[in-house]
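Here the structure is laid out as structure tokens; the discussion comes afterwards.
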Amino acid sequence: RKKLNLVLVLDKSGSMGAQFDSEYSGYTSTAKTKMTVANEAVVGLLSLLNADDRFAILTFDGSAQVVCSLSFVRDMNLETLKQKILAISSGGGTNFEVGFKQALDLYQMLSISEEDRSVYDNRILYLTDACPNVGDTNPKSLMSMVKNAAGNSSQNVGRIYTSFIGVGLDFNTRLIANISAVRGCNYMTVKSTSDFMETMTQNFEYFVTPLVFNVKLRLESEGDSCSIDEVFGCAENSDQ
């Protein structure tokens, strides 16, 4: 993958203090809360970052709190950062927009060269156990900001893509359609501790790396000898 400017936005609202229910995987509930499992998964993610990646983490409830500003992994004290992450506790309300806006602000604080822009991907990894509202068309709403960040190549760092991870829930079809319609954005849901760990470690490279844009496929077969079985992506936007 390309080098990465990664900002992780972690929901720490009161509902994250609930027990992580793994009933979907056929097992009894774990003794750990969603917050604890999320913290441990984020710590696991740190081992996948390269020295020349940049990383930041912030939490949000009714307001946003920066745990670590966007900086090179090589300059971080990772052991200290791990302890800070593991100490994050749940409490408060849920304000999706304030978390995302703070993430954008961290990118705006970067001063990078044109060469850096060409070799780095920018991604916000958004972890939440609640379903964001997609009905609000206000330009300051979460999905409006997600779309603008992905579409604005004139930002100091270039386009900023977003990945959503739903913790212990299924995103509704409307939200999925909205996320899928935004260039470079994706989503995943995790319903057990093992799901979470796999998503944040084994699937990390796939999750943060846009593979290709503006794909066009033409299939010609003689006598209908072959056909398209499945197509993944969004048919609503022709520029994806």
The helices (runs of 4 or more DSSP H) lying wholly within the stretch 77-174 that contain at least 3 residues that are at pLDDT 90 or above are 78-86, 96-108, 142-151
Of the candidates VAL98, VAL66, VAL43, the one satisfying the condition of being in contact with a helix residue (DSSP H, G or I) (Cβ under 8 Å, 6 or more places away or on another chain), β-branched (Val, Ile, Thr) and open to solvent by 40 Å² or more (accessible area, probe 1.4 Å) is VAL66
Here is a check on your reading of the model: is THR201 hydroxyl-bearing (Ser, Thr, Tyr), in contact with a Gly (Cβ under 6 Å, 6 or more places away or on another chain), surrounded by 10 or more Cβ atoms within 10 Å (Cβ to Cβ) and at pLDDT below 80? yes
Log entry, pairs with first residue in the stretch 70-81 being at positive phi, second being modelled with pLDDT of 95 or more and surrounded by 13 or more Cβ atoms within 10 Å (Cβ to Cβ), beta carbons closer than 9 Å, six or more apart or on different chains, reads none
So, first residue open to solvent by 60 Å² or more (accessible area, probe 1.4 Å) in the stretch 150-161, second residue of a type in the set (S, T, N, Q) and part of a loop (DSSP other than H, G, I, E, B), Cβ within less than 9 Å, six or more apart or across chains; the pairs are ARG159/ASN152; ARG159/SER153
Matching residues in the stretch 32-59 (in a strand (DSSP E or B) and at pLDDT 95 or above) number 6
Matching residues in the stretch 1-12 (surrounded by fewer than 21 Cβ atoms within 10 Å (Cβ to Cβ) and either outside any strand (DSSP E or B) or at pLDDT below 90 (or both)) number 2
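The values are calculated or read from the model by the stated rules, or taken from the named source; none is laboratory data. Computed from a prediction, not measured in an experiment: that's the story for all the values here. We place every Cβ from the backbone using ideal geometry, glycine too, and count neighbours over all the protein chains shown. We work out accessible area using only protein heavy atoms, side chains counted, and drop any ligands, DNA or RNA first. Shrake-Rupley method; radii C 1.70, N 1.55, O 1.52, S 1.80 Å.
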